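Q: Attaching a single structure in structure tokens format; questions to follow.
Throughout, read-outs are computed from the coordinates displayed, never taken from laboratory work. Note that the structure is a prediction, hence the values are computed from the model and not measured. Positions of Cβ are backbone-derived with ideal geometry, glycine not excepted, and every protein chain shown enters the neighbour counts.
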Amino acid sequence: MTASVRPVPALLGPPVVTGAAAGACVAALAALGAAGHGGFATEPAGALALAVAAVAAAVAASRLARSGHRAAGRLATGLAASLLAYLGLAVLAVAAVAAGHRWAGPAVAAWNSAWIPPLALMPLTASAAVRTGAATPRTHRYVVLVLGAATLVNALLTTATDPFDGLPTIAGESWRTALAPVGAAVTLLGVAALLLLPLTLWRAALGSHHTVRARLGVAAAATTAAPLTVVFCLLLAVARAPGDVEPSLGSVAFLVALSGAAVFAAVCAVTAARGATEPRRVGTVVRAAGLAAAALLVVGVGTLVAAPGSSLGPTAVALVVSALTVVVGGGAWAGTGRLAALLTAAPTVPPVTPHGGAEGTEAGSAAGTADVAEPADPAGGAVEATVPPEVSGAELPGTGVPAGTGPASVGGLTAREREVLAALAEGASNAGIAAQLVVSERTVDAHLRAVFVKLGLTPGGDTNRRVRAARIWLEHTRQPR
């Protein structure tokens, strides 16, 4: 009688390995800290936060890979590896400094730059989770190139002051920077690179509709985690002077913030990949990002008004911070609630006149408002383009195409044109289609022009060509195979 062997769940692969490696690093840092070495780098809060974030990214990578989003899975794996590397380099740097090894300087320089790769991989993972094309977007290449250069420049130009006393904190006096203008220029380019993906995805999300809008919105919210982490780092510098906050405390806070942002981005990537359309989930994601931004604003202003050189007394400072918290926090709560409702609401667009008063152009508007004009159904109501039509007559309602001829109508489309038409039928704007298929909006425009010609959809008529094309595709997908 042979014993049956149960397959080990996929979840017990890389995530468990990542957890074991992270646990070993945390234990090593704890031992070094108990021996009086390392300062803030061995603080349990920061080390544990990085370890948890690494495991969360590994779990996200496993789930993304299993769901078919291999590019996003690889990037999430890279995020987990970069967080582990940050922990490992901390162990190496602390040990080298404690031993007075000649490689202590380079080890600290490498550790000092290891926080940049995770910052880059957060938005890349979330962006890839909504991508269906196999190509790598130009925006991704720009982010990798610029932040890779920032990592290298930071490692080469920034060195810790001598002699080492544990590890330097975020305090400016703990570091020396050679060729400061070069470092400042690369830093500005890095910030611009981190803003590129949020701007691109928010534009694509707000221009799209229905499930596409919700999915892109979740990914866009995730990409804001990295810029918010940078803002938090800048606020720590403000809190250091004039706020006079203890540098070690600020450094631990940065590690926790970086870890929290990584977890948020990983969770959002999995949510977006699974087609996040539930209002509750979308609302949670959007509110988390919005409230984090509001909290940073309150902390920043509060630090400035509470600085030792401020002319305000303790009572005035408390009143200012309290009022700011109520106004900014309340505004963020209401604003993010409305944004979440917008991302998950079905579109309602006025009927289109026969002469194309609301007819969307082939290129589509920048915001996508002209991309989704609605037709008027025979009963006088609005018919949503992303909902399969009810075929009750001899023709597909509003298209002038005989019912049942959908497959023949789309048979002449190329594979790429079919992908574009399918995304259009889901409610994606031109920007949304471009973001998902990894093509330019000009290319999307060209494909749509070809689709309209092949489907025999001319400008004018009772409905928008985009709506008619979407209906033809939806009818095609309903045909028995």
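Q: Which FRET efficiency value, to the nearest 0.05, do you get for VAL327 and LEU188 by plugging their Cβ-Cβ distance into 1/(1 + (r/R0)^6) with R0 = 45 Å?
A: Numbers: r = 31 Å, r/R0 = 0.68.
Plugging the Cβ-Cβ distance into 1/(1 + (r/R0)^6) gives 0.90.
Q: What spacing in nm lies between the two simple spin-label points modelled at THR414 and THR458, each 7 Å away from Cα in the Cβ direction?
A: Calculated label separation equals 2.6 nm.
Q: Could you tally the net charge around ALA205, taking each other residue with its Cβ under 10 Å from the Cβ of ALA205, Lys/Arg +1 and Asp/Glu -1?
A: Here the charged neighbours net out to +3.
Q: What translational diffusion coefficient, to the nearest whole µm²/s, does region 278-342 have by Stokes-Einstein, given a Kirkwood radius computed over alpha-carbon pairs, a temperature of 25 °C and 0.890 mPa s viscosity?
A: Translational D for this selection: 192 µm²/s.
Q: I want to check the label-to-label distance for ALA446 and TYR142. Put each point 7 Å from Cα in the C-beta direction and report it in nm to one decimal.
A: Placing both labels 7 Å along Cα→Cβ, they lie 2.0 nm apart.
Q: As an exercise, use a Förster radius of 35 Å and the Cβ-Cβ distance of TRP103 and ALA295 to find the FRET efficiency, rounded to the nearest 0.05.
A: The value I calculate is 0.30.
Q: Output the peptides 82-88, 61-67 sorted from most to least packed, where packing is the average of other Cβ atoms within 10 Å over each peptide's residues. Mind showing how you got there, number by number?
A: Working: 82-88: 23.0, 61-67: 20.7.
Ranked from most to least packed, the peptides come out as 82-88, 61-67.
Q: Can you order the peptides 178-186, 71-79 by their average number of other Cβ atoms within 10 Å per residue, highest first?
A: Values: 178-186: 12.4, 71-79: 24.7.
Descending packing order for the listed peptides: 71-79, 178-186.
Q: Let me ask something else. Would you mind ranking THR303, THR187 so that the residue whose beta carbon has the fewest other beta carbons within 10 Å leads the list? Kindly include the intermediate steps, with their values, before the conclusion.
A: Working: THR303 20, THR187 14.
Lowest to highest Cβ neighbour count: THR187, THR303.
Q: How far apart, in nanometres, would the label points at VAL17 and ARG280 be if each is projected 7 angstrom from Cα along the Cα-to-Cβ direction?
A: So the two model labels end up 3.6 nm from each other.
Q: Hey, can you rank 424-437, 288-301, 323-336 by average C-beta count inside 10 Å, highest first? Could you put the intermediate results ahead of the total?
A: Details: 424-437: 27.8, 288-301: 18.8, 323-336: 14.6.
Going from most to least packed, we get 424-437, 288-301, 323-336.
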